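First the structure, in the form of structure tokens, and then the observations on it.
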Amino acid sequence: MTEFRTYFGARITESLLWDALDTYFREGGSTAYVQRVAGPAAALAGITLNDADGDPSLRVDAKNAGAWWNGVTVAVTAGAAVGEFALVIANPEFGVERSPSLASVTDAINWSNSSSWAAVSLPTGASGADPAVVAAANMTGGADDYAAVDDVTRGTALARFTRGLGPGQVWIPGATSTNTRGALRTHAKEHNRIALLDDTDTSSATAAGTEAQSLQGDEYAALFGPWHVVPGLLGGTTRQVPPTAMAAALMARNDQTRSANNAAAGVSGRARYVVGLTQSGWSDAEREALNTNGLNVFRELPAGVTLYGYRTLAKPGTDAYAWSFLANQRLRMAITAEAETVAETFLFRQVDGRGQLLAEFGSALSGVLLRYYNEGALFGETPDEAYLVNVGEQVNTPTTIANGELHAVLSLRMSPTAELVVIEIVKTSADIAL
């Protein structure tokens, strides 16, 4: 969380993000892209530095809006040579950032382009002279405007996660409004990702099931519950965090050693840091019903808190339900991303009339699928039974080729997830051979 604190500040009570990310990393997550959400009236903290005559010389603003920056100080010290100066940006909790010796205000502005904390500019009425040496003083004016954060601001922040960041899971910890959930699902579908949704924390299994059923639709989202209990920041205390934090970590943890088609549940879904659940009184029958309705339930077992469901919110009776196994949907996500990477290497290649480019294209895609087959993610006794790459004349017609298009159709048999294991024990008389 050191990097998070550097850019976003310390934990605040108005947001679940710090606790959720802390849990994510402690549970085995390795990488997270974070977009801070603030209200429309959020403001940058800053300070104006004066020259020796008391006139404005430089403006130092925080790189991001927020009240946290009001605790950051700015000082001007003498530089390494006569006529030079240096800027010192400091926070008592997170450290100090020092500029090199600067010969001019222009040097200061250019240095700030690579600074983690400071954005330096010329203030209104700038004198053009260097700032005078001055003791550390706090930035002021920073504001978060968290009270005004709504579905619109969350949606704006979500749009910053472009498709170029690649496949993965996208989530807004603890956000349960209809519009935000819808925005997450739309984003996931358009960007080849999986939206992880938190359930509304409730002790009523009936209410949880009704909510889950109402959210069933496409296969680009998965719902998790109940909420989790993790150690507090002070000894003897605890915190409550949304379940998507651990769900995301489990997927990241498993992806480090296995294909996405392996469910991050059961023995592969055990907690390392989470110590309990907010709702632990649901019966086996209730949990089974919740699973059917699309809620992936965490359970408290002797081995620890464990994820005991791995389904998408695909609605039964629809075409989407073919993707009800979350492992299969995440495998589709992974293969789609790799296939797109392969396709990039064929852009602007000449399409010959002998089918050589088409054969090369098909071979490259087959290579991707063969690796997944060897990992057991694609189902069949032989590769030919598990997948088919079609780049033939049925999909690459004279018309599509004349239009400069290259097409491929991938047909896959994905290995299913064992959701139920049945063992039958038959007693045989001791005098009868087995």
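The values are calculated or read from the model by the stated rules, or taken from the named source; none is laboratory data. Worth saying up front: this structure is predicted, and the values here are computed from it rather than measured. Note that each Cβ is placed from the backbone with ideal geometry, even for glycine, and that neighbours are counted across all protein chains shown. All accessible areas refer to the heavy atoms of the entire protein, side chains included, with ligands and DNA or RNA removed. Shrake-Rupley method; radii C 1.70, N 1.55, O 1.52, S 1.80 Å.
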Original post:
So is GLU393 open to solvent by 80 Å² or more (accessible area, probe 1.4 Å), over 28 Å from ALA264 (Cα atoms) and modelled with pLDDT under 95 or not?
Top reply: yes
**OP:** Run SER116 past the list (1) in a loop (DSSP other than H, G, I, E, B); (2) surrounded by 15 or more Cβ atoms within 10 Å (Cβ to Cβ) and report the number of the one that doesn't hold.
**Re:** (2)
Subject >> Residues satisfying the stated conditions in the stretch 45-70, i.e. part of a loop (DSSP other than H, G, I, E, B), open to solvent by 10 Å² or more (accessible area, probe 1.4 Å) and within 24 Å of LEU21 (Cα to Cα) >> reply: LYS63, ASN64, ALA65
Original post:
Among the listed residues THR292, THR257, which satisfies the condition of being out of contact with any helix residue (DSSP H, G or I) (no Cβ under 7 Å at 6 or more places or on another chain), open to solvent by 40 Å² or more (accessible area, probe 1.4 Å) and in a helix (DSSP H, G or I)?
Top reply: THR292
Original post:
What single numbered condition from (1) out of contact with any Pro (no Cβ under 8 Å at 6 or more places or on another chain); (2) open to solvent by less than 40 Å² (accessible area, probe 1.4 Å); (3) among the hydrophobic types (A, V, I, L, M, F, W, C); (4) more than 30 Å from LEU378 (Cα to Cα) fails to hold for ALA212?
Top reply: (4)
**OP:** Looking at (1) assigned to a loop (DSSP other than H, G, I, E, B); (2) open to solvent by less than 30 Å² (accessible area, probe 1.4 Å); (3) at pLDDT 95 or above, find the lone condition where ALA188 falls short.
**Re:** (1)
Subject >> Residues being out of contact with any His (no Cβ under 8 Å at 6 or more places or on another chain), under 23 Å from MET251 (Cα atoms) and either open to solvent by 50 Å² or more (accessible area, probe 1.4 Å) or not aliphatic (A, V, I, L, M) (or both) - total across the stretch 2-35 >> reply: 17
**OP:** Kindly indicate the residue of the stretch 171-185 that is in a loop (DSSP other than H, G, I, E, B) and among the β-branched types (Val, Ile, Thr) and also nearest to SER15 (Cα to Cα) among those meeting that condition.
**Re:** ILE172
Original post:
Where residues in the stretch 71-103 are free of Cβ contacts under 8 Å to residues at least 40 places away in the same chain, assigned to a loop (DSSP other than H, G, I, E, B) and in contact with a Phe, Trp or Tyr (Cβ under 9 Å, 6 or more places away or on another chain), which of them is most open to solvent (accessible area, probe 1.4 Å)?
Top reply: PRO100
